[in-house]
Amino acid sequence: MNENDRMLQANGDVVSGPDVTGPDSYFESDEQFDQLYPPSIALLAGRHWTPLEVSKKTARFLATHKGARVLDIGCGVGKFCLSAAFFEPDTEFYGVEQREQLLQHAEAAKAALGSKNAAFFHANFTQLDFRDYDHFYFFNSFYENLDGTDKIDNTIAYSNELFDYYNRRLYKLLEQRPAGTRLVTYHSMEDEIPGNYYVVDELSNTLLKFWIKA
């Protein structure tokens, strides 16, 4: 039983779903992995959390060498970092998220899995030094700021102005990275991609794109 399950039982909630034994079993399907989270969080998976198959392909592309450091920009409850860390154990995966309550779920899932090569930061991505990372993953975490879009929750401010600001800021940060930097985008509108990044592969009807900086 993971930490989220214990929290639910302590609150009198019912924990349901098929039994999962052993950490590796969580990676057999998205349904099993999502059992690491409370039902209200698992329900958001279809729209907001990275599918395992996407994580596996992304991790393989970004794991360029032993000890490579990958940043997930807007990691939510950490599904990408934790699954990528499982698929590529010699690569370090870091997630930054500004909602502290989502990181609590990420840390609980990390503890349940015993992951050693994933870590999370409670911050806005604009506060990080991108020179600390080799490669990047971006599942369009800015999209929530647009009017009429589905939000994860209402704990942070949203606005079209923030959407534009975050895109401009990420564009500049990526532009400053050296040649050979790798980036994977999922469901991106590509406003944040500098012109000197080139698509080298794409999957899932172009929703998943693999980029390298020239």
ask   = Taking GLU144, is it over 23 Å from LEU207 (Cβ atoms), modelled with pLDDT under 95, part of a helix (DSSP H, G or I) and out of contact with any Asp or Glu (no Cβ under 6 Å at 6 or more places or on another chain)?
value = no
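Scan segment 193-202 and give yes if some residue there is within 14 Å of ILE73 (Cβ to Cβ), at pLDDT 95 or above, under 20 Å from the mean Cα position of the chain (by Cα) and in a loop (DSSP other than H, G, I, E, B), otherwise no.
From segment 193-202, those within 14 Å of ILE73 (Cβ to Cβ) are 193; that's our starting set.
Narrowing the set further to residues that are at pLDDT 95 or above leaves 193.
Narrowing further to those that are under 20 Å from the mean Cα position of the chain (by Cα): 193.
Pick out the ones that are also in a loop (DSSP other than H, G, I, E, B) and you get 193.
Taking every residue of segment 193-202 in turn, at least one turns out to be within 14 Å of ILE73 (Cβ to Cβ), at pLDDT 95 or above, under 20 Å from the mean Cα position of the chain (by Cα) and in a loop (DSSP other than H, G, I, E, B).
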note = The condition from (1) assigned to a loop (DSSP other than H, G, I, E, B); (2) touching a residue at least 40 places away in the same chain (Cβ under 8 Å); (3) β-branched (Val, Ile, Thr); (4) surrounded by 20 or more Cβ atoms within 10 Å (Cβ to Cβ) that VAL184 misses is numbered (1)
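For segment 150-161, indicate whether the set of residues that are over 22 Å from TRP211 (Cβ atoms) and of a type in the set (Phe, Trp, Tyr) is non-empty. Give the derivation first.
The initial filter retains those residues of segment 150-161 that are over 22 Å from TRP211 (Cβ atoms), namely 150-161.
Within this subset, residues satisfying the condition of being of a type in the set (Phe, Trp, Tyr) are 158.
Yes - at least one qualifying residue is present in segment 150-161.
Here are some residues: ASP34, ASP90. Which one is of a type in the set (D, E, K, R), surrounded by fewer than 16 Cβ atoms within 10 Å (Cβ to Cβ), more than 23 Å from ASN124 (Cα to Cα) and at pLDDT 95 or above?
On the way: ASP34 fails: surrounded by fewer than 16 Cβ atoms within 10 Å (Cβ to Cβ).
Unique residue meeting the criteria: ASP90.
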query = Can you name the number of the only condition in (1) touching a helix residue (DSSP H, G or I) at 6+ places or on another chain (Cβ under 8 Å); (2) small (Gly, Ala, Ser); (3) closer than 13 Å to ASP72 by Cβ; (4) exposed (fewer than 14 other Cβ atoms within 10 Å of the Cβ) that ALA106 fails?
reply = (4)
ask   = Can you name the residue in segment 54-75 that is free of Cβ contacts under 8 Å to residues at least 40 places away in the same chain and either touching a strand residue (DSSP E or B) at 6+ places or on another chain (Cβ under 7 Å) or among the small types (Gly, Ala, Ser) (or both) and is also nearest to ASN140 (Cα to Cα) among such residues?
value = SER55
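The values are calculated or read from the model by the stated rules, or taken from the named source; none is laboratory data. Treat the numbers as computed from the prediction; the structure is a model and nothing was measured. All Cβ positions, glycine included, derive from the backbone under ideal geometry; neighbour counts span all protein chains shown.
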